[in-house]
Structure formats: C-alpha cells, structure tokens
Amino acid sequence: MIVIRSPLQARALYSLRHVKRQLSSTTDSQQSSLATQPFQRLVETLKSSSQTCTIIESSCGGLISSSLMSVPGSSRVYFGGTVAYSTKRAGKLLCGDEELHDRLLKSTSPAASDDDKMMIVGVEEHLSEETKAYIQSKVKWTQEAALFYCKHMDTDFAIAEGGATGPTFHPEGMKAGFAVLAVAGRRSGQDDVEILAQKLVLSTHGDREMNMRLYADAAAELCVEAMNIADPSIEMTTEQPDTNQVQSTNVTDKLYLDRSSHLRSDAEVMKELYNRSDAQHVIVKGASEVLFGSDDQLSLPTLEQPFWGTLFETDDAKNEALENRTFLGRLGDEQTPLFAMYLPEDTNVSSDSNSSYFANTRSRAPMLSPLHNEIALTATAYVNWRDSHRFCTRCGSPVEFVQGGTCAKCTSGHMAWPRQDPSIIVLVTNAESTHALLARSPRHPSYLYTALAGFVEPGENMETAVAREVHEEVGVHVNHHSINYISSQAWPFPQSCMIGFHAKTNAADGLASINIDPEEIVDARWFEKEDVYLAARDTDMMGAVLDRQVVEAQQANGNWTGSLLVPSKGVLARTLVDHWLEE
C-alpha cells in the first residue's frame, strides 16, 4: 500500500504492478482497443449522473483523452483537455495562464516537497532519494493542475496525470516507470473544488506503450472512485456496456443465467417452456463446437427465426433435435427459456444464416463474454454427458432423459445426474516468486506453455493432489504450507471442474531441477516474471492462441516473432498467471 500524506489530505490508493492489456482479436464491428473497460465504465457513470470531466496529462501523451473519446457517447461528458508533455515548454498550452505555469514549474523544483512538508509513505526502499523526490514533485504537480483545470473549465471533475514511461529515465538510476494521478472535483452540495483522490502507480518495467496504457486505465478507475467520494449516492456502473446483446438501457438490468433447477421436475411447467416460441438455443455440434454469432457472443436463435431451415434437411430431423433439447435455465429478468440442442458432427450452416458459424469450444469459448462463456460450457457439458450415458451404469438398460434432459432414468427406475470430475491446476513458482514453472503438453502448440494440471484421485484431498501431480509431471517438490487456493472453473472436456492453486518450491531448492514425465509433458521450464508478463501481453493482442491458425496468421504478417505465449484470458490457467503477475 502506498500512501501519500499531505496537508490536503490527498487519498493515496494503491500501486499497480502490471498492466492487463485488454486488447484482443477484433472485427470491424467491435470497438477499438482504446475503449477499455475502465473508460467504458467511466463514460457510462458520467452519463448516468449527467456530469463532466476534463483532463490534463503529461507522460500518457493524450492516451487518457483518446481512450475516453473512443467510447460512444463521450461527447456528452468530455469537452477537451491538454497534453503538457514538457512543463517548461507548455506554458501556452496551459490555458494561457502564466500563474498556473509558474506554479507547475515551482512544483517540479527540488525544494518543492520540502516546502510543503509532504511525504510518500511505503515507497520501495530500493528507490533512490533522487527518484523519490522526482515522484514527490509529481504529487504537487498533479494537485495544482487538477484543481486549476476543474475550476477553469467549470467541469464536475478534472483528471491530472504526471510521471515517466520509459524506456529512458531521469534521474539516472530509475529503471521502471511511474505515474501520479489526481482527481479534483466538488463534493455534493459544495461549491469549492478540492482534491478528491490521488494515486501513485508504480510499474516494474520501462515499456513505454504498456506504461501509458497502465496509467490511462488507472486514471479512469480513479475518476470513478472520486465520483463516489464526491457523491456516494451516485449509481456506479459495475460492468462494461455490452453492445452485442439486446438488453435494457438500465445498467443494473443485465443478463444472467438462472438455472431454475426447481422447475425441472414440474412436467407442466417444462412443457410450457419447451413450447415457448421465444426460447433461445445454444447449438452444439458434435462434442466440441458451438454456434457463434460473433467473436465474443454465441448465436442463440429462437424458434421464431428463419434460421432453422439452414440446419436441417427434413422436418423429422428438426423435430427430433427439438424433442431432445436440454433445459439450461432462464435468461435475465425476462426469464427467457434457454436450451442446449445437439447436432451431428457433419452439420453445416449455410451462407444465409446471418453470419453464424461453428467454432471449437475449447479454444474459442474463453473469447466469449463471461455469460456466454458460462452458457457455452454448460451446454457442452450436458450434451457430452447425454451422449456418453445412453445406458444405465447400474443395470445396463436403456435410459430416457427426464427433468428437462438433466436426469437419466432407466427402464428399471434407476436415476443418474451429470457429474464433474475434480481436477487441480497449479502455478508453481520459486520461493522468491521471481520465476514460474510452465509446461507444454503434447496437445499444445510449440509456443504455448501453461500451468500443471491433473485429476484428483479417490481418497485424495486437493492439496495432496497438487503436490503429487507436480512431482509426477516435472519431478519438483512443493512446500505444502505454500499451497493456496485461487479460483475454479468448469471445464467440460470431457467433464472436469478445475480447482486452481498457487504453490511454491522450498527456498533451499532455488530453481529446482526439472525432470519431466514424457508421457504427460513435452517440455517444462522456469520462466522469469518479466518474460511471462510479455507473453501475456502478446497473448492478449492475438486472442484465441489455442487456435494455431490465429497465431500462424500473426507470424505470417510479421506481427509476432516471439516464442512464448500463455493461455488466453477466460481460462483458469491464465487467471493463475495473472494473479502471480499482480503480486
């Protein structure tokens, strides 16, 4: 925690270690990568509260302004700002105000921090006194700039940013970038402008582009926090706007999946839901593909749409597929029924099917929105279970599927429901957490390295499974006391639930020697944190890296010449990697 204490009671919030680039493969219909989630949230929150902001930025070079302007509707909340890259030379850019120019120049002088008796608490000890003084000068600079611009532009809020991005730094000895951010505004019911929030953002590298993105997103997040400080009654937008779904403009009215398990045994209700003409459908082809409408959304056709003629050659085939649907639940406040429908492996979608296409669930589902990712995995899990459970496991007699297709009942009356097999996945690091042990399995492309994983055996707890799998696959011992649960994810390939952990080796082992099991692992290595960070950045730029064609296209175009990628966002292995990078 980095705390900035000053006579103005500035609120110093936190230090960001790594930027999470929110770039992904985009189509012409998708928004620019400038419109990251923090800026979409900022614009929506400003719009919903009918408030405005202005911006003065230095090391971000206009990225804060351009990111805000790239969000549709930003013209209602943003009227312009200033890029003052060099305070000394930017006098005429600072609203032509000589007094402000003079104050900002004085704030950058070595004596400024001493005069104002300001102090930064908690900054890493390895920073030189000269570096700390430089950071301190930006504390004063951003306060002065934010206060002036908020008053002069007569906006509700003003964002000020000052710092250093790299790759070269002054003073000498600095090896990583930083930014100080300040937001000025008026509290509800008051006329005076004050500093509402201030934040110091520390990077771990000198990558200029990455640091600019990091600082810009942090500025948007800080402005939203400041808005809540100014008026706690403001309704905060918690999710980025989803332009690919038809939904209410009320930001609190979002789609969600209500599994409605209590309805499955009610035959009358289920019959009504099955006959609803507005029911939506997840189309699963074979065991491994679902129907997409775009890169980040499934196609969920209703019975009212003329879509079905493109899938079935005969009415009998259509009726059989409809009869064998699986009830997944109901969507959102409208409670629209949602079903999974299975189609044979050789089914094709014709060219007049509204641009829908089938894609591999395993490699493409992580690119979907969180809701559609959940829907795709749920539908895949049920379809695969029904395909592999046509006969009773107790007596061998045929089964019929009841309770909306979620339960198998044999002619002897035995009943069975889908199961998930617990599996562990673990990111192993050295004791100092400077390196991560990543591996590549035979099914992965040569460039893709990921966390270790394996099934939990009968009678075994999760922590024991972590230690056993790591030793079996790479010959490394982990410290049992270091094993920490991080998160979990359904992974129906074929029917797993992945439980994610972080574990460390013993300090005495250093970078422990690796001895792979060639039946399970092709290669395993220790990777430095910076290399993994860069691999995560490159992965986010490409998107579905499990799809070899995606990466090969980037290589052919000369857009990527590296050798290491990690799993895409939306996959639990990547969650573990990001959790480690953010430590």
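The values are calculated or read from the model by the stated rules, or taken from the named source; none is laboratory data. Everything numeric in this text was worked out from a predicted model, so none of it was measured. Counting neighbours? That spans all protein chains shown, and the Cβs are built from the backbone with ideal geometry, glycine included. In case anyone asks, the SASA skips ligands and DNA or RNA and just uses the protein heavy atoms, side chains included. Shrake-Rupley method; radii C 1.70, N 1.55, O 1.52, S 1.80 Å.
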Worksheet item: Can you flag which of Lys504/Lys529; Lys175/Lys569; Lys140/Lys175; Lys199/Lys569 are past 19 Å Cα-Cα?
Response: Lys175/Lys569; Lys140/Lys175; Lys199/Lys569
Worksheet, complete the sentence: Once phi for every residue in the stretch 561-574 is put through the Karplus expression 6.51 cos²θ - 1.76 cosθ + 1.60 (θ = phi - 60°), the whole-Hz ³J(HN,Hα) values, with Gly and Pro written as x, are 10, x, 10, 9, 10, 10, x, 6, 4, x, 9, 4, 4, 6
Worksheet item: Once phi is turned into θ = phi - 60°, what whole-Hz ³J(HN,Hα) does the Karplus curve with 6.51, -1.76 and 1.60 give for every residue of the stretch 400-409, x standing for Gly and Pro?
Response: 10, 9, 10, 6, x, x, 9, 9, 9, 10
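Return the Rg/Rh value of the stretch 148-240, two decimal places, where both radii are evaluated on C-alpha atoms and Rh is the Kirkwood radius.
1.06
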Discussion item. Can you order the peptides 450-462, 156-168, 427-439, 259-271 by their average number of other Cβ atoms within 10 Å per residue, highest first?
Written reply: 156-168, 427-439, 450-462, 259-271
Worksheet entry | Accessible surface of the stretch 473-583, 1.4 Å probe, proportion on carbon and sulfur as whole % | 46
Practice prompt. Calculate the length of the line joining the C-alpha centroid of the stretch 468-532 to that of the stretch 420-452, in whole Å.
Written response: 5
Worksheet item: Per residue, how much accessible area does the stretch 526-583 have with a 1.4 Å probe, in Å²?
Response: 42
Worksheet, complete the sentence: In nanometres, the difference between 0.36 nm per residue of separation and the alpha-carbon distance of Lys318 and Ser66 is 85.7 nm
Practice prompt. Let me have the relative contact order for the stretch 156-230, percent, based on Cα pairs under 8 Å that are six or more residues apart.
Written response: 34
Worksheet item: Considering only protein heavy atoms, what per residue accessible area in square angstrom results for the stretch 261-396 with a 1.4 angstrom probe?
Response: 49
Discussion item. Using the Karplus curve 6.51 cos²θ - 1.76 cosθ + 1.60 with θ = phi - 60°, what ³J(HN,Hα) values do you get for each residue of the stretch 219-231, in whole Hz, with x for Gly and Pro?
Written reply: 5, 5, 4, 5, 5, 5, 4, 5, 4, 5, 5, 5, 8
Worksheet entry | Bins of 10 Å from zero: percent of alpha-carbon pairs in the stretch 341-499 | 9, 27, 30, 22, 10, 2
